[in-house]
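Visitor: Before I ask anything, let me first share the structure, which is written out below as structure tokens.
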Amino acid sequence: MNNGLIHWPDPLLAIETSCDETSAAVLVDGDIRANIISSQAELHKTWGGVVPEVAARMHVESILPCVEMALKESRILKSNVSAIAVTNRPGLIGALSVGVTFARAFASAAHCPLIGIHHLEGHIWSILGAGAPQIPFISLIVSGGHTELVLVKGIGDYEILGETIDDAAGEAYDKSARLLGFGYPGGSALADAAANGDDKAYALPTGRTTRKYDFSYSGLKTAAMRLIEKDAHLNISHAAASIQSAINRPLVEKSIAACEEFGIRQLTLGGGVSANEHLRTSLKSACERYGIQFLAPPRALCTDNAAMIGIAASLRLAKGDSSPISSLEPISSESIA
Ligand code: KG4
Ligand code: ZN
């Protein structure tokens with residue numbers, strides 16, 4: 001995968017525990033040797049969403065087995081790890097604490113550098129699994145907790161052009177999926193149901209925002225709720241397709257408009273919702289129409305995983321960045337810019 005942008009040559013261990021996936025990855029010279037993901041989604045399904053205390057407890061149980069599996073799969077000895085990276089912000093504080101505590105202990109025992117990574121920086125740079133965009137580029141990050149249009153001016157140099165003012169795109173998928181009777185998280189189930197549906201069957205609103213590159217999905221949730229309650233003979237596939245289009249439409253339109261206004265010719269995608277096929281194809285064809293190069297991450301790097309944290313960490317370490325082992329802390333909320 002090494003595409004010239006990543007220069008950290010030695011085995012790097014990366015950890016991600018910001019929400020409900022415990023993940024450990026090993027990267028050598030920019031190549032992903034292992035990317036182990038233990039998802040708690042089945043467990044949280046019972047409650048219809050992530051229960052923070054349960055997530056933290058499950059991370060405690062899974063972190064060591066995940067790390068050991070990643071090292072074994074990549075045939076790297078613990079003693080050969082040359083740096084450790086961990087998501088330390090933003091996320092569920094108890095969940096983040098597990099990863100950060102583990103990484104600090106590992107770094108101090110192994111006497112190796114430690115680096116705390118912003119979760120969204122991982123989603124942005126997961127794109128290196130698909131190719132190397134030329135800086136500057138615009139990254140659309142769409143996940144369960146975030147919807148952000150970011151102008152990437154350099155490694156660590158980001159400007160937020162727009163963001164959601166209420167629900168994130170992934171949250172809009174999950175809430176709509178729940179209304180339609182799919183489990184948690186319902187984004188991919190809704191997308192499957194939408195595959196054979198007519199997206200013009202039901203008219204749904206696009207959220208209005210004061211700032212032109214912001215997003216709003218709370219109105220869509222209310223409209224979807226009304227639609228589902230009102231229509232006893234609702235066609236689930238048509239409803240799913242209409243909701244999917246209503247979520248994706250502003251993402252495509254605003255990403256293209258931002259590229260045009262800022263004179264940027266490359267658009268990249270990141271975050272769990274980037275697994276959505278309709279979004280990927282809609283962005284690709286819109287970009288083709290406007291002569292913009294479009295890059296989407298490989299499927300394995302869309303939803304939360306430690307490899308993307310490792311990729312971002314490799315870039316940071318190569319720049320000379322690192323975090324103090326004695327004081328790296330988890331931070332529940334922090335903007336990337
Ligand atoms: O990035 P991610 O794994 O976690 C956060 O950082 O939040 O994103 C998870 C989100 C969930 O809301 C999930 O429903 C959504 O990504 N998602 C999808 C698809 N696959 C995952 N949404 C729409 N279509 C998909 N195929
Ligand atoms: Zn994420």
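The values are calculated or read from the model by the stated rules, or taken from the named source; none is laboratory data. Remember, predicted model here, so these are calculated numbers, not experimental data. Methodologically, a virtual Cβ is constructed for each residue, glycine included, from the backbone with ideal geometry; neighbour enumeration extends over all protein chains shown.
Visitor: Just to be sure before I move on: is Glu53 free of Cβ contacts under 8 Å to residues at least 24 places away in the same chain, more than 18 Å from Ser314 (Cα to Cα) and not in a loop (DSSP other than H, G, I, E, B) in the structure I sent?
Guide: no
Visitor: Another question, then. List the residue pairs whose Cβ atoms are under 9 Å apart, where the first residue sits in region 288-303 and is free of Cβ contacts under 8 Å to residues at least 40 places away in the same chain and part of a loop (DSSP other than H, G, I, E, B), the second is within 16 Å of ligand 1 (Cβ to nearest atom) and of a type in the set (D, E, K, R), and the two are 6 or more positions apart or on different chains.
Guide: Pairs that qualify, where the first residue is free of Cβ contacts under 8 Å to residues at least 40 places away in the same chain and part of a loop (DSSP other than H, G, I, E, B) and the partner is within 16 Å of ligand 1 (Cβ to nearest atom) and of a type in the set (D, E, K, R): there are none.
Visitor: Let me ask something additional. Could you say whether any residue in region 87-110 is more than 16 Å from ligand 1 (Cβ to nearest atom) and in a strand (DSSP E or B)?
Guide: No, every residue in region 87-110 fails to be more than 16 Å from ligand 1 (Cβ to nearest atom) and in a strand (DSSP E or B).
Visitor: Right, another one. Do you know which of the residues in region 131-160 that are surrounded by fewer than 17 Cβ atoms within 10 Å (Cβ to Cβ) and among the hydrophobic types (A, V, I, L, M, F, W, C) is nearest to ligand 2 (Cβ to nearest atom)?
Guide: Looking at residues that are surrounded by fewer than 17 Cβ atoms within 10 Å (Cβ to Cβ) and among the hydrophobic types (A, V, I, L, M, F, W, C), I get Ile160.
Visitor: Name the residue, out of Arg316, Arg289, that is of a type in the set (D, E, K, R), more than 15 Å from ligand 2 (Cβ to nearest atom) and surrounded by 15 or more Cβ atoms within 10 Å (Cβ to Cβ).
Guide: Exactly one residue qualifies, and that residue is Arg316.
Visitor: Moving to a separate point now. Residues to consider are Ser38, Ser62, Ser23; find the one that is small (Gly, Ala, Ser), surrounded by fewer than 24 Cβ atoms within 10 Å (Cβ to Cβ) and part of a strand (DSSP E or B).
Guide: Ser38
Visitor: Step by step: first the residues of region 249-277, then only those that are in a strand (DSSP E or B) and more than 15 Å from ligand 1 (Cβ to nearest atom), then the one that is surrounded by the fewest Cβ atoms within 10 Å (Cβ to Cβ). Which residue is that?
Guide: Gln266
Visitor: Within region 153-173, which residues are in contact (Cβ under 8 Å) with a residue 60 or more places away in the chain and out of contact with any Lys or Arg (no Cβ under 9 Å at 6 or more places or on another chain)?
Guide: Matches in region 153-173: Tyr158, Ile160, Ala169, Gly170, Tyr173.
Visitor: For residues in region 161-173 being away from ligand 2 (no atom under 16 Å from the Cβ) and assigned to a strand (DSSP E or B), which is nearest to Gly186 (Cα to Cα)?
Guide: Ranking the qualifying residues of region 161-173, first place goes to Gly162.
Visitor: Take region 174-190 and flag every residue that is at pLDDT 95 or above, of a type in the set (Ser, Thr, Tyr) and either assigned to a strand (DSSP E or B) or near ligand 1 (Cβ under 9 Å from one of its atoms) (or both).
Guide: Passing the criteria: only Ser188.
Visitor: Ok, one more. Filter region 118-156 down to residues that are assigned to a loop (DSSP other than H, G, I, E, B) and closer than 30 Å to Ser218 by Cα and give me whichever is farthest from ligand 1 (Cβ to nearest atom).
Guide: Looking at the filtered set, the residue picked out is His146.
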